[in-house]
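One structure below.
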Amino acid sequence: MDGVTSGGRKAVRRGTEGQRCPVARGEDGVWRLSGHDSARAALRAGGTVQAGLGIETVEKLPASFRRPVLYRDGAEHREHRRQTARYFTPRRVSEHYRELMIRVADQQLARLREAGRAQLSDLSFELAVQVAAAVIGLAGDRPGLAGRLERFFPDKFEEASFTSLPGLRFLLRRNAAWRRLYFADVRPALRARRRQRRDDLLSHLLAEGCSDGEILGECVTFAAAGMITTREFVNVAAWHLFCDDALRAQYVAADESGRLAVLQEILRLEPVVAALHRRTTAPLTVPGADGAEVTVPAGELVEIRVPEANTDPGTFGPEACRLRPAPGADRYTDGPGLSFGDGPHKCPGAHVALQETDIFLTRLLAEPGVRMAAEPTVRFKENLGSYEVRGLIVALDGAGRSRREGDGK
């Protein structure tokens, strides 16, 4: 079977198309890297530290408080990643979480069959929450966990402050969210681990001597990475598959390796996180235009533009902005580009996200009469640098309680 050349991106931010200068310093002083080679070099380089993602708030914490791994750099960060890498290997993901993914996916599809139609964002959110909770070591089936986690990610982040009404409201809401998650989910899990350790992230953090507050911070960080991004990826991948019969046929007919290849290609075009930020602590030299090198001075803010880097024609060819699934079960040469980041802060949960997405979508598309009843809308959450796909309604022809009642059954 020949490879399918499919449509282009769906979650496109206005004003970003056509930006092809690999390295440019904006009027705001931010260095923006849009070339694949320059962006990858910056992510892999030493002499930078994490920036963005609310790091300003984290920096206000007492020096004795251990920062979540997302906000650490250098030797301490590398050692933490080395010790926890075993929780995210492809083999462990398959052996420890596959059955959970299948069970949760089947539960969500049972909801769909019962109702006849559903918001895909609701189904995928429950999937993402329960899988992320299991990886961390929380009980994902505790009532209300999804809502407690979602409160950490409002549409707009205000600066926490006692001197302004919006800042005070944000501070109070955020503190309430921390308390709810801690008392309902984290504290019970820690009590269980103190009685008997398990082979999970919570037990590892306890063994390292982390306080309850430090562990709570890690839980929120890992939950955000596993919950927000996977939810959106499931939605955008399904959108592509419902809109493209040839792509869907290729995905359904492929083995697992081939299906994952299709998902990686979708993710290359539709990275959930559009911008990654670093602060240089030493001069940073990256490839520029026409083979020249550009040096970013120390102390500068660097923004890696992931959608532009992932569609760089110099790396991905002249049709870089179109889906180009490989034929059959062949894996893609380029994978998802920089959609999972690169270098020391590369997302450790890549295998988790891809596998749970594939398990859910494979089962969804196998449902008799499944169709997209309404196309979604996309909006962009600049505070997280991500898109949000909402309103994609999936329906099953002939299913649902209302249909059965209408038939007199």
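Odds and ends about this structure:
- Cα shape, the range 175-259, gyration tensor, a/c 1.5 rule: prolate
- Local electrostatic count, GLY341, Cβ distance below 11 Å [Lys/Arg +1, Asp/Glu -1]: +3
- Neighbours of GLY47, meaning other residues whose beta-carbon lies under 14 angstrom from its beta-carbon, give a summed charge of +1 when Lys and Arg score +1 and Asp and Glu score -1.
- Residue separation of SER257 and ASP245 scaled by 0.36 nm, minus their Cα-Cα distance, works out to 2.3 nm of gained length.
- Solvent exposure ordering (accessible area, 1.4 Å, most first) of ARG72, ARG111: ARG111, ARG72
- Distance from the Cα centroid of the range 38-53 to that of the range 355-380 is 34 Å (rounded to whole angstrom).
- Highest average packing first - 213-222, 199-208, Cβ atoms within 10 Å: 213-222, 199-208
- Rounded, prolate or oblate (a/c below 1.5 giving rounded, otherwise prolate when a/b exceeds b/c) for the range 207-312 by Cα gyration tensor: oblate
The values are calculated or read from the model by the stated rules, or taken from the named source; none is laboratory data. Everything numeric here is computed off the predicted structure, so don't read it as measured data. Heads up, the Cβs are rebuilt from the backbone with ideal geometry, glycines too, and the neighbour counts pull from every protein chain shown. Please note that ligands, DNA and RNA were not included when accessible areas were found on the heavy atoms of the full protein model with its side chains. Shrake-Rupley method; radii C 1.70, N 1.55, O 1.52, S 1.80 Å.
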